[in-house]
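The values are calculated or read from the model by the stated rules, or taken from the named source; none is laboratory data. All values reported here derive from a predicted model rather than from experimental measurement. Every residue, glycine as well, gets a Cβ built from its backbone with ideal geometry; the counts of neighbours run over all protein chains shown. Note: accessible area is taken over every heavy atom of the protein model, side chains too, but ligands, DNA and RNA are not part of it. Shrake-Rupley method; radii C 1.70, N 1.55, O 1.52, S 1.80 Å.
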Amino acid sequence: MKGDFPVEKFQDIETPFYYYDTKLLRQTLHAIHEELERHPGYCVHYAVKANANPKILRIIRQSGLGADCVSGGEIQAALAAGFQADRIVYAGVGKSDWEINLGLDRDISCFNVESAVELEVINQLAARRNKTARVALRINPDVGAHTHENITTGLAENKFGIAMKDMEPIIARIRTMEHVKFVGLHFHIGSQIRDMEDFKALCFRVNELQDRLESQHIVIENINVGGGLGINYDSPDEEPIPDFKSYFATYARHLRLRPGQKLHFELGRAVVGQMGSLIARTLYVKQGASKQFVILDAGMTDLIRPALYHARHKIENLSSNAPGEVYDVVGPICESSDVFAKSITLDGTKRGDLIALRSAGAYGEIMASQYNCRRLPIAHLSEEL
Ligand SMILES: *Cc1c(COP(=O)(O)O)cnc(C)c1O
């Protein structure tokens, strides 16, 4: 089964380009909001790093989600798209002074602090502006996500967050600071997580840490469990909208919130992943010594996930119904890792055929580069074609 694309309309568009199905995006956002109604006290911030296309940000903001940023540039992008500063949270292991100052000047809702040294800098910069920064501590929960090693973030060996043993001393230090207010704990264990057991393990860890703090009469306003919910890359049409019901139910069942406490989520991939496809044209079908190659006009500069994480994207020939043949699908970049897929079956392919790389709405366009002096890919929204 192939996805449903307006192939006629694609004929006149210069390739490669990103195609965003905004109807699916809106349905996905609707599914999230339905779950949020079921779970009062839950609050979702969209992780801007997954896709910061201004039009996409605007649709997400209009739906009512907040924004989770990991750089000053993302804070600016979120503000430009109309997100209110008090719905913006900001994480990152290396926040530079201008980025912290931007967050302070705009009064963002929370800095997710990743080290004791960062905390000192925020206190100093806030003092200079006579402001009080609201901070949450990003704790490294040493919970493994069973996903690619380059996208786990919550193991003790990863660079992210504060070690659990340092939590209380740092909270004690915050209490002596005049320009920092402690509002919560933050966690994020990784990305493309499909097994609810991983989130369950995080819940148990959060419960344990909350009990520990409670016994010391330390009260927390918010718990932020980050993002990470994965999508179905193999069969995007079977699961166009991720299983938000199970995701939120896992937290509802296993994470013990205190009265009045809010639970924050930071979903990126799950919001935008399935709505996007990279549309490319076949330049050549080349017969190699032992295999045949479909050479596309899109490469790793347009979609780097296969080269970076060995990620698999479903690939479809939108122009052919010819009998299937086995190909390696590659890009034109001068790198051996510029390969989208090896030994896959596509409908018989010829020069000029349009090819869709599915599930490319997250970590696609935003990671594009100009390596080889290439042009950045343009994005087209379904509702604008
Ligand atoms: C990347 C990131 C997210 C979003 O991750 P997804 O897997 O796209 O949901 C959330 N929070 C933080 C801190 C992140 O770095």
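For segment 304-339, which positions are in contact with a Gly (Cβ under 7 Å, 6 or more places away or on another chain), part of a strand (DSSP E or B) and in contact (Cβ under 8 Å) with a residue 40 or more places away in the chain?
Passing the criteria: only GLU316.
How about segment 167-187: which of its residues are closer than 13 Å to ARG138 by Cα and touching a Leu at 6+ places or on another chain (Cβ under 9 Å)? Let's see the steps before the verdict.
Within segment 167-187, the subset closer than 13 Å to ARG138 by Cα is 167-168, 170-171, 182-187.
Once the filter is applied, which keeps residues that are closer than 13 Å to ARG138 by Cα and touching a Leu at 6+ places or on another chain (Cβ under 9 Å), segment 167-187 yields MET167, GLU168, ILE170, ILE171, PHE182, GLY184, LEU185, HIS186, PHE187.
Checking the conditions here, which among ASN101, ASN130 is over 21 Å from ARG269 (Cα atoms) and open to solvent by less than 40 Å² (accessible area, probe 1.4 Å)? Give the steps one after another, and end with the answer.
Numbers: ASN130 fails: open to solvent by less than 40 Å² (accessible area, probe 1.4 Å).
The unique qualifying residue is ASN101.
State whether one or more residues within segment 240-257 are out of contact with any strand residue (DSSP E or B) (no Cβ under 9 Å at 6 or more places or on another chain), within 16 Å of the ligand (Cβ to nearest atom) and open to solvent by 50 Å² or more (accessible area, probe 1.4 Å). So that I can check it myself, show each step before the final result.
Our first condition is that a residue be out of contact with any strand residue (DSSP E or B) (no Cβ under 9 Å at 6 or more places or on another chain); within segment 240-257, this holds for 240-241, 245-246, 249-250, 253-254, 256.
Okay, now just the ones that are also within 16 Å of the ligand (Cβ to nearest atom), so 241, 246, 250.
After this cut, where a residue has to be open to solvent by 50 Å² or more (accessible area, probe 1.4 Å) as well, the list is 241.
Scanning segment 240-257, I find at least one residue that is out of contact with any strand residue (DSSP E or B) (no Cβ under 9 Å at 6 or more places or on another chain), within 16 Å of the ligand (Cβ to nearest atom) and open to solvent by 50 Å² or more (accessible area, probe 1.4 Å), so the answer is yes.
I'd like the full set of residues that are more than 10 Å from the ligand (Cβ to nearest atom), touching a residue at least 24 places away in the same chain (Cβ under 8 Å) and open to solvent by 60 Å² or more (accessible area, probe 1.4 Å), limited to segment 39-94.
PRO54, LYS55, ARG58, GLN76, ALA80, ARG87
Which condition breaks for ARG269 when tested against (1) in contact (Cβ under 8 Å) with a residue 60 or more places away in the chain; (2) among the charged types (D, E, K, R); (3) more than 16 Å from the ligand (Cβ to nearest atom)?
(3)
Please pick out the residue among VAL225, VAL183, VAL272 that is open to solvent by less than 20 Å² (accessible area, probe 1.4 Å), modelled with pLDDT of 95 or more and in contact with a Lys or Arg (Cβ under 6 Å, 6 or more places away or on another chain).
Working: VAL225 fails: in contact with a Lys or Arg (Cβ under 6 Å, 6 or more places away or on another chain); VAL272 fails: in contact with a Lys or Arg (Cβ under 6 Å, 6 or more places away or on another chain).
When all the criteria are applied, what remains is VAL183.
Looking only at segment 179-221, which residues are within 14 Å of the ligand (Cβ to nearest atom) and over 18 Å from the mean Cα position of the chain (by Cα)?
Initially, segment 179-221 is screened for residues within 14 Å of the ligand (Cβ to nearest atom), giving 184-195, 198-199, 202.
GLY184, LEU185, LEU202, listed by residue number.
Quick check on GLY324: is it open to solvent by 30 Å² or more (accessible area, probe 1.4 Å) and assigned by the TED database to the domain that holds ASP12?
On the way: open to solvent by 30 Å² or more (accessible area, probe 1.4 Å): yes; assigned by the TED database to the domain that holds ASP12: yes.
So GLY324 fits the description; yes.
Yes or no: segment 311-318 includes at least one residue that is within 16 Å of the ligand (Cβ to nearest atom), assigned by the TED database to the domain that holds ALA368 and not charged (D, E, K, R). First the steps, then the outcome.
To start, the set of residues in segment 311-318 that are within 16 Å of the ligand (Cβ to nearest atom) comprises 311, 313.
From what is left, the residues that are assigned by the TED database to the domain that holds ALA368 are 311, 313.
Keeping just the survivors that are not charged (D, E, K, R) gives 311, 313.
Scanning segment 311-318 turns up at least one residue that is within 16 Å of the ligand (Cβ to nearest atom), assigned by the TED database to the domain that holds ALA368 and not charged (D, E, K, R).
Of all residues in segment 222-239 being closer than 24 Å to ASP4 by Cα and polar (S, T, N, Q), which is nearest to the ligand (Cβ to nearest atom)?
Going residue by residue through segment 222-239, those that are closer than 24 Å to ASP4 by Cα are 230-239.
If we keep only those that are polar (S, T, N, Q) too, we end up with 232, 235.
Working: ASN232: 14, SER235: 19 Å.
So, considering only residues that are closer than 24 Å to ASP4 by Cα and polar (S, T, N, Q), the one nearest to the ligand (Cβ to nearest atom) is ASN232.
Taking segment 278-314, which residues are over 16 Å from the mean Cα position of the chain (by Cα) and among the hydroxyl-bearing types (Ser, Thr, Tyr)?
Listed by number, the residues that qualify are THR282, TYR284, SER290, THR301.
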